[in-house]
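Asker: I am attaching a structure below and will ask some questions about it afterwards.
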């Protein structure tokens, strides 16, 4: 199975932040082909709430709230532990499709990842 | 001249200060749970009027939380335990209405259990909060507290003529965020209540509120109306919840709803701010916003009374 799940230690956050900065300079199409994309959990919302990435991309969620959040796929494909402030969770999307997810601590927080070929 | 109430004595006033920040004590009077002040309960004269405390409700201890809103949740839980242990008459039971831990980590559960072991009252009944069920396999809570329910999360028991029902509403959520009980649990409850006399006092406890307090923040349980339908015929029903880290109470017919304070940190009132996160208050205000609830049986015909106490 090519799907990978990993918890990113907080030490690596600066690196991830640098990658995000690089992505932000690219065009939207290029961004979709980049290897890593970040979703923030902030003020009880996922931002961006809807994200399109190319197959093979790794998406990283980082919690910027004082309250923990989780990232749990509706289909059961991926499930983070409770992410405390500044902790991250990453998942690599290999198969095209639409993936919805929820914070199980605050179920109003929902998001979607669309994976294209 | 004797002071008419314990609270107006110097000793009473000191106790009032001492209890300013810790919890809630409940008694059931005339079929209705009424909140009382723990400072009154701590006074022997007050206690005589109250009867023996039946149980104390502790909620939202959030062991593992260490942010600005309360960097030391262990200290505030210890303070709460001191207050409960200091009651002139020990309650028969402790009820914990969930969010024992902050992040469902084994070490947090272990620490919580170690802290609880200091309670003089050893019989504790629990339900999980959504913070207790975030581990990948949802087993940490059940490995420690699942025995009473056969790992289902819901169960009932009787004590001193009162029927207690523990419900779980944090495993499935409705789109939008309200908790749910689910058909299986409701069917179990119907069976559990069948044949019970309507005069049996009922205490129902669950983590998330069993009535809709504020839907945008998921402060409610979607299928709670079906639960209330089952409880309607009983003459005295007390519904105890946590989750929102503040006291909200309402009485509807024979049903008293009450949410307890947290022992860890307060949360904003419904709709104030971005979401239901930790509320930062000046340190001197914190103890007054944390606490426990105590419930006593007061007299015959059997009656329960509720009393909220803060740590201040």
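Asker: Under the definition of partner shielding as Cβ atoms of other protein chains within 10 Å of a residue Cβ, what is the mean value for peptide A:104-115?
Answerer: The shielding value for this peptide is 5.
Asker: Expected output is a single nm value to one decimal: the length gained when fully extending between residue B:172 and residue B:233, i.e. 0.36 nm times separation in residues minus the C-alpha distance. What is it? Intermediate values should be presented prior to the final figure.
Answerer: Details: separation 61, 0.36 × 61 = 21.96 nm, distance 2.77 nm.
Full extension of this stretch gives 19.2 nm more.
Asker: Dividing the Cα convex hull volume of the range B:20-311 by residue count, how many Å³ per residue is that?
Answerer: Roughly 114 Å³ of hull volume per residue.
Asker: Sort B:177-188, B:258-269 by packing, meaning the average of other beta carbons within 10 Å per residue, with the highest value first.
Answerer: B:258-269, B:177-188
Asker: Here's something else I'd like to know. Please report, to two decimal places, log10 I(q)/I(0) for the range B:226-305 at q = 0.22, 0.25 Å⁻¹ as given by the Debye formula with identical point scatterers on the Cα atoms and no solvent.
Answerer: -1.04, -1.18
Asker: Okay, next question. List the extent of the Cα atoms of the range B:63-198 along each of their three principal axes, largest first, rounded to whole Å.
Answerer: Answer, in whole Å and largest first: 45, 42, 25 Å.
Asker: Tell me the relative contact order for the range B:191-258 as a rounded percent, counting alpha carbon contacts under 8 Å between residues six or more apart.
Answerer: 34 percent
Asker: For peptide A:41-51, what's the mean number of Cβ atoms from other chains within 10 Å of each residue's Cβ?
Answerer: 1
Asker: Moving on. List residues of the range A:82-117, by number, whose backbone nitrogen lies under 18 Å from a label position 7 Å along Cα→C-beta of residue B:215.
Answerer: A:107-110
Asker: Further question on the same structure: For residue B:226 and residue B:249, FRET efficiency with R0 = 30 Å and r from the beta-carbon atoms, rounded to 0.05? Mind showing how you got there, number by number?
Answerer: Details: r = 22 Å, r/R0 = 0.74.
The pair residue B:249/residue B:226 has a calculated efficiency of 0.85.
Asker: Please average, across the residues of A:63-73, the number of beta carbons from any other chain that are within 10 Å of each residue's own beta carbon, and give a whole number. Intermediate values should be presented prior to the final figure.
Answerer: On the way: counts 0, 0, 5, 9, 11, 9, 1, 6, 0, 2, 0.
Taking all residues of A:63-73 together, the mean is 4.
Asker: Oh, and also: Quick check: pseudo-label points 7 Å beyond the Cα along Cα→Cβ at residue B:118 and residue B:85, how many nm apart are they?
Answerer: 0.6 nm
Asker: Using mean Cβ contacts within 10 Å as the protection proxy, how do B:78-86, B:58-66 order, highest first?
Answerer: Ranked from most to least packed, the peptides come out as B:58-66, B:78-86.
Asker: At R0 = 41 Å, how high is the FRET efficiency between residue A:117 and residue B:151 if r is their beta carbon distance? Nearest 0.05 is fine. List each step's numbers first, then the result.
Answerer: Numbers: r = 43 Å, r/R0 = 1.04.
After rounding, the FRET efficiency stands at 0.45.
Asker: Also, I was wondering about something else. Report the FRET efficiency, 1/(1 + (r/R0)^6), for residue B:159 and residue A:95, where r is their Cβ-Cβ distance and R0 is 56 Å, rounded to 0.05.
Answerer: 0.55
Read-outs throughout are calculated quantities, based only on the coordinates presented, and are distinct from any laboratory measurement. Here the structure is a predicted model, which is why all the values come from computation and not from measurement. Cβ coordinates were reconstructed from backbone atoms using ideal geometry, including for glycine residues, and neighbour counts include every protein chain displayed.
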